[in-house]
Each structure stands twice: as C-alpha cells, then as structure tokens.
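S.K.: Have a look at the structure that comes next, please.
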Amino acid sequence: MRIEAVTIFPEFFDVLDISLLGKARENNVIDFKAVNLRDYTHDKHKTVDDSPYGGGAGMLMKPEPWGEALDELLNPDGSTVLIIPSPAGELFKQATAQELAKEEHLVFACGRYEGIDHRVFEWAKDKAKLRLVSLGDYVLNGGEVAALAMIEAIARLIPGVIGNAESLVEESHSEGLLEYPSYTKPAEWRGLEVPEVLRSGNHAEIAKWRKEQSLERTKQVRPDLLD
Ligand code: 6GU
C-alpha cells in the first residue's frame with residue numbers, strides 16, 4: 001500500500017520509522033512518504049495561510065498549494081482515497097480501518113489553523129474518493145496526530161505488517177466488543193491471583209469466561225457499543 005501525508009510539519013511522521021510500521025516500510029509492505037505542503041508554494045515566505053472571507057478568528061489554509069500537491073499525488077484514474085482528518089468528519093472506527101486497509105493508495109491531507117478552504121474538498125470529490133474523518137469528539141491542533149493514529153490502525157491490518165495475524169482476531173473492537181482481561185506468569189503477584197479458569201486447560205470454559213468478561217466490560221464502560 002502507498003500512503004502519503006501532506007503537511008506543513010513532515011517531522012511529525014518521523015515516528016513511522018520505528019517499530020512494526022518501520023519494519024513494514026523496510027520490507028516494502030508499506031510505501032510511506034510525508035510531503036511538505038510548502039514545497040507547493042511559490043512566494044519567498046512559502047505562505048500556506050490567509051484570513052477567512054467574511055471575517056472570524058484565525059487563519060485558513062489557501063487552496064492553491066493544496067491543488068498543486070494533490071495534482072501531483074492523486075492517481076489520475078480517481079482510485080486514491082483522500083482522507084481529511086477533521087473534527088467535523090465521520091467517526092473513524094475499526095470498521096473504517098478495515099475498509100481503508102483494502103485500498104491501494106491513501107493520501108492524508110493534514111490541515112492546520114482553522115482548516116482548509118472549502119473549495120479544495122469540492123474540487124477533490126470528483127478526483128478521488130474523499131473522506132472527512134474524525135478521531136472523536138475533541139479538538140486537536142491539526143490533522144497530523146490524527147493521521148498518525150489512523151495510519152497505525154490501518155497499516156497493522158495489512159497482511160505481513162503484524163507477525164501474528166491471530167492477534168488481530170481477538171482484540172478490542174474486532175467483534176464490536178471490548179477485549180477481555182489478560183494475564184501472564186506468575187500465577188500469583190502481590191497477592192493477586194490469575195483467575196482459576198484460565199489455568200484450568202478447559203478451552204470451552206476459557207472461551208465462555210472471556211466472552212462474559214468482554215460483555216461485562218463493554219456494558220460497564222461502553223454501553224453504546226451494545227446498542
Ligand atoms: Cl481528525 N482532526 C483534528 N484537528 N481534531 C480532531 C480530529 C481530527 N479528531 C478529533 N479531533
């Protein structure tokens with residue numbers, strides 16, 4: 001999969017060099033590039049922002065550098081998924097990550113300031129598969145941290161990125177529930193014991209216990225997931 005992130009802070013994406021995603025890049029499973037939006041400006045100050053028409057607080061990102069960057073990055077056949085991290089977008093869920101993990105080419109457009117001139121979205125909706133996506137109901141300073149979270153959630157679902165594909169099956173949200181609690185050795189630690197059933201070797205009982213724990217935990221902390 002090819003992924004690009006367009007940003008005025010390419011350094012945010014340096015962390016993708018490390019850990020599992022770094023390995024996936026080394027092994028050419030993922031081809032990631034951070035693209036500097038300022039490379040698509042033509043003035044001495046590499047200006048990417050301006051004041052909003054109609055007034056209001058803050059600055060907005062100008063459309064022209066975005067247009068030039070996207071002209072270069074989007075596949076001409078319209079197959080690129082253009083993801084705009086925005087608190088005004090649809091909620092990014094595990095199902096979203098699963099959908100996007102099947103794509104060939106993702107471009108993340110990371111806005112700063114009060115956002116991007118709306119005409120960039122109007123123009124792009126005929127040139128790419130456009131998705132405005134939010135991490136949740138809170139505000140970040142820009143799209144970079146959100147894009148990093150989404151890239152990690154998507155990339156780890158691509159075959160070959162995670163060694164143990166089984167670990168993807170029984171994790172939180174993979175079946176609409178939160179994951180059950182897990183334990184390793186020692187069997188007793190600081191007076192706390194590992195539940196007897198997990199040491200019983202009875203796989204049917206273990207599966208039943210885990211399912212109950214998943215349901216109980218979900219009911220307690222995320223009842224909205226059960227609706
Ligand atoms: Cl995707 N972007 C920004 N700027 N803030 C957010 C967000 C995204 N998701 C939650 N808050």
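The values are calculated or read from the model by the stated rules, or taken from the named source; none is laboratory data. For clarity, every value in this text was computed on a predicted model and none was experimentally measured. Cβ sites come from the backbone with ideal geometry, for glycine too, and all protein chains shown count toward neighbours. Just the protein is used for accessible areas: all its heavy atoms, side chains included, with ligands, DNA and RNA removed. Shrake-Rupley method; radii C 1.70, N 1.55, O 1.52, S 1.80 Å.
S.K.: Take the residues in segment 134-148 that are open to solvent by less than 20 Å² (accessible area, probe 1.4 Å) and assigned to a helix (DSSP H, G or I), then tell me which one is nearest to the ligand (Cβ to nearest atom).
M.R.: So the residue we want is Ala146.
S.K.: Now a separate question. Looking at Glu122, Glu144, Glu152, Glu103, which is the one that is of a type in the set (Asp, Glu) and in contact with a Ser or Thr (Cβ under 6 Å, 6 or more places away or on another chain)?
M.R.: Within the list Glu122, Glu144, Glu152, Glu103, the selection yields Glu144.
S.K.: Would you check if Trp123 is of a type in the set (Phe, Trp, Tyr), under 30 Å from Glu11 (Cβ atoms) and open to solvent by less than 90 Å² (accessible area, probe 1.4 Å)?
M.R.: yes
The rows are residues; the columns are (1) over 23 Å from Gly136 (Cα atoms); (2) under 20 Å from the mean Cα position of the chain (by Cα).
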| position | (1), (2) |
| --- | --- |
| Ala147 | no, yes |
| Gly160 | yes, yes |
| Leu192 | yes, no |
| Pro195 | yes, no |
| Leu198 | yes, no |
| Ala204 | yes, no |
| Trp209 | yes, no |
| Ser214 | no, no |
| Lys219 | no, no |
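S.K.: Return yes when Arg112 is within 9 Å of the ligand (Cβ to nearest atom) and open to solvent by 20 Å² or more (accessible area, probe 1.4 Å) and no when it is not.
M.R.: Here the answer is yes, as Arg112 does meet what is asked.
S.K.: Could you please find all residues in segment 174-196 being more than 29 Å from Asp224 (Cα to Cα) and in contact with a helix residue (DSSP H, G or I) (Cβ under 7 Å, 6 or more places away or on another chain)?
M.R.: Passing the criteria: only Ala187.
S.K.: Checking Ala69 against (1) within 28 Å of Asn28 (Cα to Cα); (2) among the hydrophobic types (A, V, I, L, M, F, W, C); (3) open to solvent by less than 50 Å² (accessible area, probe 1.4 Å); (4) within 16 Å of the ligand (Cβ to nearest atom), which single condition isn't satisfied?
M.R.: (4)
S.K.: Among the residues of segment 200-211, how many are open to solvent by less than 100 Å² (accessible area, probe 1.4 Å), without any contact (Cβ under 8 Å) to a residue 24 or more places away in the chain and under 28 Å from Arg156 (Cα atoms)?
M.R.: 2
S.K.: Let me ask something additional. Is at least one residue of segment 97-104 within 16 Å of the ligand (Cβ to nearest atom) and under 18 Å from the mean Cα position of the chain (by Cα)?
M.R.: Scanning segment 97-104 turns up at least one residue that is within 16 Å of the ligand (Cβ to nearest atom) and under 18 Å from the mean Cα position of the chain (by Cα).
S.K.: Oh, and also: Under 6 Å between Cβ atoms, at least 6 apart or on separate chains: pull out the pairs that start in segment 129-147 with a residue that is in contact (Cβ under 8 Å) with a residue 60 or more places away in the chain and end on any residue that is near the ligand (Cβ under 6 Å from one of its atoms) and open to solvent by 60 Å² or more (accessible area, probe 1.4 Å).
M.R.: These pairs meet every condition: Ala146/Leu140.
S.K.: From the set of residues in segment 158-199 that are closer than 29 Å to Ile30 by Cα and assigned to a helix (DSSP H, G or I), which is least open to solvent (accessible area, probe 1.4 Å)?
M.R.: So, considering only residues that are closer than 29 Å to Ile30 by Cα and assigned to a helix (DSSP H, G or I), the one least open to solvent (accessible area, probe 1.4 Å) is Leu168.
S.K.: Hey, another quick one. What do you reckon, is Ile151 at negative phi, surrounded by fewer than 17 Cβ atoms within 10 Å (Cβ to Cβ) and touching a residue at least 60 places away in the same chain (Cβ under 8 Å)?
M.R.: no
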